[in-house]
Amino acid sequence: MDIIFYHPSFNAETWIGGLQQRLPKARIRQWTPGDDAPADFALVRQPPVEMLQGRKGLRGVFALGAGVDDILGQLRQHPEMLAKEVPLFRLEDTGMGRQMQEYAVYHVLGWFRRFTEYQQQKVQSLWKHLPNYSRTDFSIGILGAGVLGQSVAESLKIWGFPVRCWSRSPKDLPGVTSFHGAEQLGEFLAGSQVLINLLPNTPQTEGILNRNLLSQLKPQAFLLNLARGAHLVEDDLLAAIEAGEVKAAALDVFVREPLDTSHPFWTHPDIAITPHNAAVTLPDEAMDYIAKSIAILEAGETPGGLVDVNRGY
Ligand code: NAP
(Lines give C-alpha, C1' and ligand atoms only; values in the text may rest on other atoms or scores of the structure.)
Protein backbone atom coordinates (compact mmCIF):
# COMPACT_ATOMS: atom_id res chain seq x y z
CA MET A 1 0.00 0.00 0.00
CA ASP A 2 1.34 3.44 -0.96
CA ILE A 3 0.40 6.59 0.94
CA ILE A 4 1.28 10.15 0.03
CA PHE A 5 1.32 12.95 2.61
CA TYR A 6 1.11 16.71 2.12
CA HIS A 7 0.54 19.48 4.66
CA PRO A 8 1.75 23.09 4.27
CA SER A 9 2.92 23.37 7.90
CA PHE A 10 2.92 20.01 9.71
CA ASN A 11 6.27 18.30 10.24
CA ALA A 12 6.20 15.58 7.55
CA GLU A 13 8.91 13.53 9.24
CA THR A 14 6.93 13.26 12.49
CA TRP A 15 3.75 12.34 10.68
CA ILE A 16 5.31 9.85 8.29
CA GLY A 17 7.23 8.22 11.17
CA GLY A 18 4.10 8.01 13.33
CA LEU A 19 1.98 6.63 10.53
CA GLN A 20 4.66 4.13 9.59
CA GLN A 21 4.56 2.71 13.14
CA ARG A 22 0.81 2.32 12.90
CA LEU A 23 0.80 0.97 9.34
CA PRO A 24 4.06 -1.07 9.18
CA LYS A 25 3.30 -2.64 5.80
CA ALA A 26 2.58 0.67 4.07
CA ARG A 27 5.06 2.67 1.99
CA ILE A 28 4.50 6.27 3.07
CA ARG A 29 6.13 9.25 1.40
CA GLN A 30 5.89 13.01 1.49
CA TRP A 31 4.38 14.25 -1.76
CA THR A 32 6.50 16.82 -3.58
CA PRO A 33 5.78 18.55 -6.92
CA GLY A 34 6.51 16.25 -9.86
CA ASP A 35 5.68 13.06 -7.94
CA ASP A 36 3.04 11.36 -10.07
CA ALA A 37 3.66 7.76 -8.99
CA PRO A 38 0.60 5.72 -7.97
CA ALA A 39 -0.76 5.94 -4.43
CA ASP A 40 -3.61 4.20 -2.63
CA PHE A 41 -4.31 6.94 -0.12
CA ALA A 42 -3.54 10.65 0.17
CA LEU A 43 -3.36 12.53 3.48
CA VAL A 44 -3.76 16.22 2.86
CA ARG A 45 -4.44 19.78 3.82
CA GLN A 46 -4.75 22.48 1.14
CA PRO A 47 -3.54 20.03 -1.50
CA PRO A 48 -2.12 21.39 -4.76
CA VAL A 49 -4.34 20.24 -7.65
CA GLU A 50 -1.55 18.16 -9.20
CA MET A 51 -1.21 16.09 -6.05
CA LEU A 52 -4.61 14.48 -6.54
CA GLN A 53 -5.55 15.03 -10.17
CA GLY A 54 -5.19 11.85 -12.24
CA ARG A 55 -3.42 10.03 -9.39
CA LYS A 56 -3.34 6.38 -10.37
CA GLY A 57 -4.60 3.83 -7.84
CA LEU A 58 -6.17 6.40 -5.49
CA ARG A 59 -8.75 4.74 -3.20
CA GLY A 60 -9.28 7.46 -0.62
CA VAL A 61 -8.29 10.94 0.52
CA PHE A 62 -8.02 11.90 4.19
CA ALA A 63 -8.27 15.55 5.21
CA LEU A 64 -5.92 16.32 8.11
CA GLY A 65 -8.57 18.38 9.90
CA ALA A 66 -12.29 18.50 10.70
CA GLY A 67 -13.12 21.06 8.00
CA VAL A 68 -12.80 20.23 4.32
CA ASP A 69 -13.61 23.67 2.90
CA ASP A 70 -10.02 24.03 1.62
CA ILE A 71 -10.28 20.84 -0.43
CA LEU A 72 -13.85 21.38 -1.61
CA GLY A 73 -13.08 24.98 -2.54
CA GLN A 74 -10.25 23.72 -4.75
CA LEU A 75 -12.54 21.04 -6.16
CA ARG A 76 -15.21 23.60 -7.12
CA GLN A 77 -12.57 25.49 -9.12
CA HIS A 78 -10.95 22.33 -10.52
CA PRO A 79 -13.66 19.63 -10.75
CA GLU A 80 -11.15 17.29 -12.40
CA MET A 81 -8.94 17.34 -9.27
CA LEU A 82 -10.62 14.34 -7.66
CA ALA A 83 -12.40 11.51 -9.45
CA LYS A 84 -16.01 11.18 -8.25
CA GLU A 85 -15.53 7.60 -7.10
CA VAL A 86 -12.65 8.47 -4.74
CA PRO A 87 -14.05 8.98 -1.22
CA LEU A 88 -12.97 11.95 0.89
CA PHE A 89 -12.79 11.52 4.66
CA ARG A 90 -12.29 14.10 7.41
CA LEU A 91 -11.25 13.86 11.05
CA GLU A 92 -14.16 13.39 13.39
CA ASP A 93 -13.42 14.75 16.86
CA THR A 94 -9.96 13.14 17.45
CA GLY A 95 -9.60 15.33 20.55
CA MET A 96 -11.05 18.47 18.98
CA GLY A 97 -14.39 18.12 20.80
CA ARG A 98 -12.68 18.50 24.19
CA GLN A 99 -10.73 21.55 22.98
CA MET A 100 -13.90 23.21 21.68
CA GLN A 101 -15.60 22.51 25.01
CA GLU A 102 -12.76 24.21 26.91
CA TYR A 103 -12.93 27.25 24.63
CA ALA A 104 -16.70 27.60 24.80
CA VAL A 105 -17.02 27.02 28.57
CA TYR A 106 -14.24 29.54 29.27
CA HIS A 107 -15.96 32.32 27.32
CA VAL A 108 -19.54 31.54 28.30
CA LEU A 109 -18.65 31.54 32.01
CA GLY A 110 -16.54 34.68 31.55
CA TRP A 111 -19.50 36.50 30.02
CA PHE A 112 -22.10 35.03 32.40
CA ARG A 113 -20.08 35.96 35.53
CA ARG A 114 -18.98 39.22 33.85
CA PHE A 115 -15.29 38.43 34.46
CA THR A 116 -14.31 40.28 31.26
CA GLU A 117 -16.03 43.40 32.52
CA TYR A 118 -14.44 43.05 35.95
CA GLN A 119 -11.03 42.91 34.25
CA GLN A 120 -11.90 46.16 32.46
CA GLN A 121 -12.94 47.67 35.84
CA LYS A 122 -9.69 46.48 37.40
CA VAL A 123 -7.69 48.51 34.90
CA GLN A 124 -9.57 51.56 36.22
CA SER A 125 -9.17 50.51 39.92
CA LEU A 126 -12.99 50.42 40.00
CA TRP A 127 -14.66 48.45 42.85
CA LYS A 128 -18.23 47.97 41.63
CA HIS A 129 -20.69 45.06 41.63
CA LEU A 130 -22.42 44.43 38.33
CA PRO A 131 -25.88 42.79 38.32
CA ASN A 132 -25.86 39.03 37.87
CA TYR A 133 -27.36 37.46 34.77
CA SER A 134 -30.17 34.97 35.28
CA ARG A 135 -28.93 31.48 34.40
CA THR A 136 -32.27 30.50 32.88
CA ASP A 137 -32.27 33.57 30.62
CA PHE A 138 -28.68 32.99 29.56
CA SER A 139 -29.57 30.67 26.71
CA ILE A 140 -26.89 29.25 24.47
CA GLY A 141 -27.61 28.81 20.75
CA ILE A 142 -25.25 26.59 18.78
CA LEU A 143 -25.19 26.90 15.01
CA GLY A 144 -24.31 23.40 13.79
CA ALA A 145 -25.21 20.27 15.72
CA GLY A 146 -22.55 17.98 14.30
CA VAL A 147 -19.62 16.31 16.04
CA LEU A 148 -18.26 19.53 17.58
CA GLY A 149 -21.58 21.34 18.09
CA GLN A 150 -22.95 18.39 20.06
CA SER A 151 -19.78 18.16 22.09
CA VAL A 152 -20.01 21.85 23.05
CA ALA A 153 -23.73 21.46 23.85
CA GLU A 154 -22.88 18.66 26.32
CA SER A 155 -20.30 20.81 28.11
CA LEU A 156 -22.66 23.77 28.55
CA LYS A 157 -25.74 21.80 29.57
CA ILE A 158 -24.10 20.75 32.82
CA TRP A 159 -23.86 24.39 33.96
CA GLY A 160 -27.63 24.66 33.82
CA PHE A 161 -27.84 27.01 30.84
CA PRO A 162 -30.71 26.37 28.42
CA VAL A 163 -29.02 24.98 25.29
CA ARG A 164 -30.49 25.04 21.79
CA CYS A 165 -28.98 24.08 18.46
CA TRP A 166 -29.69 24.65 14.80
CA SER A 167 -28.82 22.24 12.00
CA ARG A 168 -29.88 21.28 8.50
CA SER A 169 -31.76 18.13 9.51
CA PRO A 170 -33.86 17.59 12.67
CA LYS A 171 -32.05 16.36 15.78
CA ASP A 172 -33.22 14.65 18.94
CA LEU A 173 -30.57 15.47 21.56
CA PRO A 174 -31.37 14.96 25.24
CA GLY A 175 -31.63 18.28 27.11
CA VAL A 176 -31.10 20.36 23.95
CA THR A 177 -33.89 22.23 22.13
CA SER A 178 -33.34 21.56 18.45
CA PHE A 179 -34.21 23.70 15.45
CA HIS A 180 -33.51 23.02 11.81
CA GLY A 181 -33.70 24.58 8.40
CA ALA A 182 -34.15 28.16 7.24
CA GLU A 183 -37.76 28.26 8.45
CA GLN A 184 -36.76 27.69 12.12
CA LEU A 185 -33.67 29.91 12.15
CA GLY A 186 -35.55 33.03 13.32
CA GLU A 187 -37.12 31.26 16.29
CA PHE A 188 -33.74 29.74 17.20
CA LEU A 189 -32.00 33.14 17.12
CA ALA A 190 -34.74 35.01 19.02
CA GLY A 191 -34.18 32.77 22.06
CA SER A 192 -30.35 32.83 22.03
CA GLN A 193 -28.32 35.08 24.36
CA VAL A 194 -25.01 33.52 23.30
CA LEU A 195 -24.46 32.36 19.74
CA ILE A 196 -21.74 29.78 19.10
CA ASN A 197 -20.89 29.06 15.49
CA LEU A 198 -19.82 25.52 14.62
CA LEU A 199 -21.11 25.25 11.07
CA PRO A 200 -18.98 24.01 8.18
CA ASN A 201 -17.96 26.60 5.59
CA THR A 202 -20.11 25.90 2.53
CA PRO A 203 -21.65 28.14 -0.16
CA GLN A 204 -24.87 28.01 1.94
CA THR A 205 -23.26 29.14 5.22
CA GLU A 206 -20.73 31.71 3.97
CA GLY A 207 -21.53 35.15 5.42
CA ILE A 208 -24.30 33.73 7.63
CA LEU A 209 -23.10 35.77 10.64
CA ASN A 210 -24.28 39.07 9.20
CA ARG A 211 -26.06 42.14 10.59
CA ASN A 212 -29.50 40.73 9.81
CA LEU A 213 -28.78 37.52 11.73
CA LEU A 214 -27.05 39.26 14.65
CA SER A 215 -29.98 41.68 15.06
CA GLN A 216 -32.35 38.73 15.62
CA LEU A 217 -30.54 37.49 18.76
CA LYS A 218 -31.63 38.49 22.28
CA PRO A 219 -30.54 42.09 22.98
CA GLN A 220 -26.90 42.52 24.07
CA ALA A 221 -26.00 39.07 22.78
CA PHE A 222 -22.59 37.38 22.76
CA LEU A 223 -20.93 35.80 19.73
CA LEU A 224 -18.38 33.00 19.66
CA ASN A 225 -17.07 32.14 16.19
CA LEU A 226 -15.17 28.86 16.35
CA ALA A 227 -15.76 27.63 12.82
CA ARG A 228 -14.49 29.68 9.88
CA GLY A 229 -13.75 33.35 9.20
CA ALA A 230 -15.82 33.23 6.01
CA HIS A 231 -18.97 32.83 8.13
CA LEU A 232 -18.67 36.32 9.64
CA VAL A 233 -19.20 39.63 7.86
CA GLU A 234 -16.61 41.41 9.97
CA ASP A 235 -17.88 45.00 9.45
CA ASP A 236 -21.37 43.82 10.42
CA LEU A 237 -20.08 42.62 13.79
CA LEU A 238 -18.51 46.02 14.47
CA ALA A 239 -21.80 47.72 13.52
CA ALA A 240 -23.83 45.31 15.68
CA ILE A 241 -21.60 46.04 18.70
CA GLU A 242 -21.83 49.76 18.01
CA ALA A 243 -25.65 49.47 17.89
CA GLY A 244 -25.73 47.48 21.17
CA GLU A 245 -27.18 44.38 19.51
CA VAL A 246 -24.03 42.44 20.35
CA LYS A 247 -22.29 43.07 23.67
CA ALA A 248 -19.07 41.13 23.09
CA ALA A 249 -17.50 38.56 20.81
CA ALA A 250 -14.69 36.02 20.92
CA LEU A 251 -13.26 35.08 17.55
CA ASP A 252 -10.85 32.30 16.65
CA VAL A 253 -11.13 32.58 12.88
CA PHE A 254 -11.01 35.45 10.42
CA VAL A 255 -11.71 36.29 6.79
CA ARG A 256 -7.97 36.73 6.22
CA GLU A 257 -5.48 34.89 8.40
CA PRO A 258 -3.21 35.91 9.95
CA LEU A 259 -5.32 38.91 10.96
CA ASP A 260 -3.77 42.09 9.57
CA THR A 261 -2.01 44.15 12.28
CA SER A 262 -4.15 47.17 11.36
CA HIS A 263 -7.46 45.28 11.72
CA PRO A 264 -9.87 47.08 14.11
CA PHE A 265 -10.59 43.81 15.98
CA TRP A 266 -7.14 43.94 17.62
CA THR A 267 -7.87 47.07 19.62
CA HIS A 268 -11.62 46.59 20.16
CA PRO A 269 -12.30 46.30 23.92
CA ASP A 270 -15.25 43.93 23.43
CA ILE A 271 -13.64 41.49 21.01
CA ALA A 272 -11.36 38.68 22.18
CA ILE A 273 -9.07 37.01 19.66
CA THR A 274 -7.14 33.76 19.32
CA PRO A 275 -5.03 32.79 16.27
CA HIS A 276 -7.18 29.95 14.79
CA ASN A 277 -6.32 27.36 17.39
CA ALA A 278 -9.64 26.72 19.14
CA ALA A 279 -9.20 23.03 18.33
CA VAL A 280 -6.01 21.87 16.67
CA THR A 281 -5.31 18.52 15.02
CA LEU A 282 -3.65 16.34 17.66
CA PRO A 283 -1.12 14.16 15.76
CA ASP A 284 -1.39 10.95 17.83
CA GLU A 285 -5.19 10.97 17.92
CA ALA A 286 -5.39 11.85 14.23
CA MET A 287 -2.87 9.16 13.19
CA ASP A 288 -4.70 6.52 15.25
CA TYR A 289 -7.95 7.53 13.59
CA ILE A 290 -6.54 7.49 10.05
CA ALA A 291 -4.76 4.15 10.54
CA LYS A 292 -8.00 2.65 11.87
CA SER A 293 -9.98 4.12 8.98
CA ILE A 294 -7.54 2.64 6.45
CA ALA A 295 -7.89 -0.77 8.13
CA ILE A 296 -11.69 -0.48 7.86
CA LEU A 297 -11.39 0.41 4.16
CA GLU A 298 -9.02 -2.51 3.60
CA ALA A 299 -11.68 -4.76 5.16
CA GLY A 300 -14.13 -3.54 2.49
CA GLU A 301 -16.18 -1.34 4.83
CA THR A 302 -16.72 2.40 5.15
CA PRO A 303 -15.19 4.27 8.10
CA GLY A 304 -16.65 7.39 9.74
CA GLY A 305 -15.95 10.89 8.50
CA LEU A 306 -17.09 10.32 4.92
CA VAL A 307 -17.66 13.74 3.33
CA ASP A 308 -20.66 14.33 1.09
CA VAL A 309 -18.95 16.36 -1.62
CA ASN A 310 -22.23 17.65 -3.11
CA ARG A 311 -23.55 18.75 0.30
CA GLY A 312 -20.21 20.46 1.01
CA TYR A 313 -19.33 18.90 4.39
P1 NAP B 1 -20.04 18.35 11.26
O2 NAP B 1 -20.00 17.18 12.19
O3 NAP B 1 -20.05 18.12 9.80
O4 NAP B 1 -21.32 19.22 11.67
C5 NAP B 1 -21.79 20.27 10.88
C6 NAP B 1 -23.15 20.72 11.42
O7 NAP B 1 -23.58 21.86 10.68
C8 NAP B 1 -24.24 19.64 11.21
O9 NAP B 1 -25.09 19.61 12.33
C10 NAP B 1 -24.99 20.14 9.98
O11 NAP B 1 -26.35 19.78 9.93
C12 NAP B 1 -24.89 21.64 10.17
N13 NAP B 1 -25.07 22.34 8.89
C14 NAP B 1 -24.31 22.24 7.77
N15 NAP B 1 -24.81 23.03 6.80
C16 NAP B 1 -25.91 23.63 7.32
C17 NAP B 1 -26.86 24.54 6.80
N18 NAP B 1 -26.79 25.00 5.55
N19 NAP B 1 -27.86 24.93 7.61
C20 NAP B 1 -27.96 24.46 8.88
N21 NAP B 1 -27.09 23.60 9.43
C22 NAP B 1 -26.07 23.20 8.66
O23 NAP B 1 -18.80 19.31 11.57
P24 NAP B 1 -17.91 19.40 12.90
O25 NAP B 1 -16.94 18.30 12.97
O26 NAP B 1 -18.83 19.63 14.06
O27 NAP B 1 -17.09 20.74 12.60
C28 NAP B 1 -17.72 21.99 12.39
C29 NAP B 1 -16.74 22.99 11.83
O30 NAP B 1 -15.84 23.44 12.85
C31 NAP B 1 -15.77 22.47 10.75
O32 NAP B 1 -16.39 22.37 9.51
C33 NAP B 1 -14.64 23.47 10.79
O34 NAP B 1 -14.89 24.49 9.86
C35 NAP B 1 -14.73 24.05 12.20
N36 NAP B 1 -13.51 23.76 12.98
C37 NAP B 1 -12.79 24.80 13.46
C38 NAP B 1 -11.64 24.57 14.21
C39 NAP B 1 -10.87 25.71 14.82
O40 NAP B 1 -9.78 25.49 15.34
N41 NAP B 1 -11.39 26.92 14.81
C42 NAP B 1 -11.24 23.25 14.47
C43 NAP B 1 -12.00 22.20 13.98
C44 NAP B 1 -13.15 22.46 13.23
P45 NAP B 1 -26.82 18.22 9.81
O46 NAP B 1 -26.48 17.62 11.17
O47 NAP B 1 -28.26 18.30 9.59
O48 NAP B 1 -26.01 17.63 8.69
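The values are calculated or read from the model by the stated rules, or taken from the named source; none is laboratory data. Source: prediction; values computed, not measured. Because the Cβ atoms are built from the backbone with ideal geometry, glycine has one as well, and the counts that use them run over all protein chains shown. We work out accessible area using only protein heavy atoms, side chains counted, and drop any ligands, DNA or RNA first. Shrake-Rupley method; radii C 1.70, N 1.55, O 1.52, S 1.80 Å.
A compact table of results
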read-out	value
P(r) of the stretch 1-101 over all Cα-Cα pairs, binned every 10 Å from zero, in whole percent	15, 48, 31, 6, 0
Percent of Cα-Cα distances greater than 16 Å, calculated over the stretch 237-278	34
Dipole-positive endmost among P79, S9, A243 within the chain (Cβ charges, Cα centre)	A243
Residue with peak Gaussian network fluctuation, the chain [Cα springs, cutoff 10 Å], from L173, L19, L148	L173
Greater than 22 Å apart at Cα, pairs in K122/K247; K128/K247; K128/K157; K128/K218; K122/K218	K128/K157; K128/K218; K122/K218
Cβ-derived FRET efficiency at R0 25 Å, D2 paired with V280, nearest 0.05	0.35
Alpha-carbon Rg with Dmax, taken over the stretch 205-313, Å	18.5, 57
Cα radius of gyration and Dmax for the stretch 30-152 (Å)	22.7, 69
Span from the the stretch 127-199 Cα centroid across to the the stretch 210-235 one, whole angstrom	14
The stretch 187-312, accessible surface, carbon-and-sulfur percent (1.4 angstrom probe)	50
0 to 90° range, to nearest 10: angle between helix 283-298 axis and the chain longest Cα axis	50
Where only alpha carbons of the stretch 267-313 are counted, the Rg and the Dmax (Å)	17.3, 54
Mean projected area (nm²) of the alpha-carbon convex hull when the chain is viewed from all directions	17.9
Among G149, G244, G207: highest mean-square fluctuation, GNM of the chain, C-alpha pairs under 10 Å	G244
Percent RCO, i.e. relative contact order, over the stretch 1-115, from Cα pairs under 8 Å lying at least 6 residues apart	22
GluC sites (Glu not before Pro) lying in DSSP loop within the stretch 230-313, provided at most 11 other Cβ fall within 10 Å	E301
Surface/4 of the Cα convex hull for the stretch 97-255, nm²	9.3
Residues of type lysines that K292 reaches as a straight line, Cα spacing below 17 Å, ignoring anything fewer than 8 places off in the same chain	K25
